[in-house]
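*Asks:* Structure incoming, see below.
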Amino acid sequence: MSITANTLATSRCAHQVTALDEAAIAQHIAALPEWKIDGGKLARSFAFKDYYQTLAFVNAIAWIIHAEDHHPDLAVSYNRCGVKFDTHSVNDGKGGLSINDFICAAKVDAVFAQRNAS
């Protein structure tokens, strides 16, 4: 079965203890072309017209990531929001990337796409 942004976005996070290997990471990131691996984290930067739109986006994704119980690092400025996901519980607490990071990234992309379509 092919991994797509839609299948990721409609999936739910579950507790993970094993990190994805390099081949699985490559398959998952192919479905999310705007995302990159940065310092071992799944990262993307989003641009906005102004601070109000940036904060509206942050609030919208906060709702979703809280429901998934998988929280990213956020860097918020006037017209930009950086989002970085990783999973602290994998690899015996050493961290890494899990399916949850890609699920939440796809959900964040869906929020961004919806905001731009409005």
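*Asks:* Out of residues 5 or more away from GLY96 or on other chains, whose amide H comes under 5 Å of its own, with H placed 1.01 Å from N in the peptide plane?
*Replies:* Those lying under 5 Å, H to H, from GLY96 are THR87, VAL90.
*Asks:* Here's another thing I want to ask about it. Using only Cα atoms, what Kirkwood radius does the chain have, in angstroms?
*Replies:* Details: mean 1/r = 0.0694 Å⁻¹.
Hydrodynamic radius (Kirkwood, Cα only) of the chain equals 14.4 Å.
*Asks:* For an R0 of 35 angstrom, estimate the FRET efficiency from the Cβ-Cβ distance between TYR52 and HIS15 and round to the nearest 0.05.
*Replies:* Values: r = 36 Å, r/R0 = 1.02.
Once rounded, the FRET efficiency stands at 0.45.
*Asks:* Using r as the Cβ-Cβ distance of GLN27 and ASN59, and R0 as 35 Å, what FRET efficiency do you calculate, to the nearest 0.05? Working shown, then result.
*Replies:* Working: r = 31 Å, r/R0 = 0.90.
With a Förster radius of 35 Å, E is 0.65.
*Asks:* Hand me the chymotrypsin sites (Phe, Trp or Tyr not before Pro) from region 47-118 located in a DSSP loop with no more than 13 other Cβ atoms within 10 Å, in residue order please. Present the calculation step by step, with values, prior to reporting the outcome.
*Replies:* Numbers: sites: PHE48, TYR51, TYR52, PHE57, TRP63, TYR78, PHE85, PHE102, PHE112; in loops: PHE48, TYR78.
Hits after loop and neighbour filter: TYR78.
*Asks:* What does the helix-only formula give at 222 nm for the chain: each DSSP H stretch with n ≥ 4 adding -39500 (n - 2.57), the total divided by the residues, and the result rounded to the nearest 500 deg cm²/dmol? Present the calculation step by step, with values, prior to reporting the outcome.
*Replies:* Numbers: 4 runs with 51 residues, N = 118.
After summing the helix terms and dividing by the residues of the chain, the value is -13500 deg cm²/dmol.
*Asks:* Within region 10-109, which trypsin sites (Lys or Arg not before Pro) sit in a loop by DSSP and count at most 16 neighbouring Cβ atoms inside 10 Å? Before the final figure, lay out the partial values.
*Replies:* On the way: sites: ARG12, LYS36, LYS41, ARG44, LYS49, ARG80, LYS84, LYS94, LYS107; in loops: ARG12, LYS49, LYS94.
Answer by residue number: ARG12, LYS49, LYS94.
*Asks:* Under a point-charge model restricted to the Cβ atoms of Lys and Arg (+1) and Asp and Glu (-1), what is the dipole moment magnitude of region 5-117 relative to its Cα centre, in debye to the nearest 20? Write down the numbers at each step before the final one.
*Replies:* Details: 10 positive and 12 negative charges, 71 e Å.
Value, rounded to 20: 340 debye.
*Asks:* Here's another thing I want to ask about it. Please check which bits of region 1-17 a label hung off ALA113 would reach, taking the label as a point 7 Å along Cα-to-C-beta and the cut-off as backbone N under 15 Å.
*Replies:* 3-11
*Asks:* Would you kindly derive the ³J(HN,Hα) couplings of region 24-36 from the backbone phi angles with the Karplus curve 6.51 cos²θ - 1.76 cosθ + 1.60 (θ = phi - 60°), listing them in order in whole Hz, with x for Gly and Pro?
*Replies:* 5, 4, 4, 5, 6, 5, 4, 7, 10, x, 7, 8, 9
*Asks:* Please determine, in degrees from 0 to 90 and to the nearest 10, the orientation of helix 51-68 with respect to the longest principal axis defined by the Cα atoms of the chain, where the helix direction is its Cα long axis.
*Replies:* 30
*Asks:* Eight or more residues apart or on different chains, and alpha-carbon atoms under 18 Å: count the Lys pairs in the chain matching that.
*Replies:* Close lysine pairs found across the chain: 7.
*Asks:* Could you check which residue among SER11, SER98, SER77 shows the biggest mean-square fluctuation in a GNM of the chain with a 10 Å Cα cutoff?
*Replies:* The residue that fluctuates most here is SER77.
Only the coordinates and a few stated rules stand behind these numbers; no lab work does. In this text, all values refer to a predicted model and were calculated from it rather than measured experimentally. Don't worry about glycine lacking a Cβ; one is built from the backbone with ideal geometry, like all the others, and counts go over all protein chains shown.
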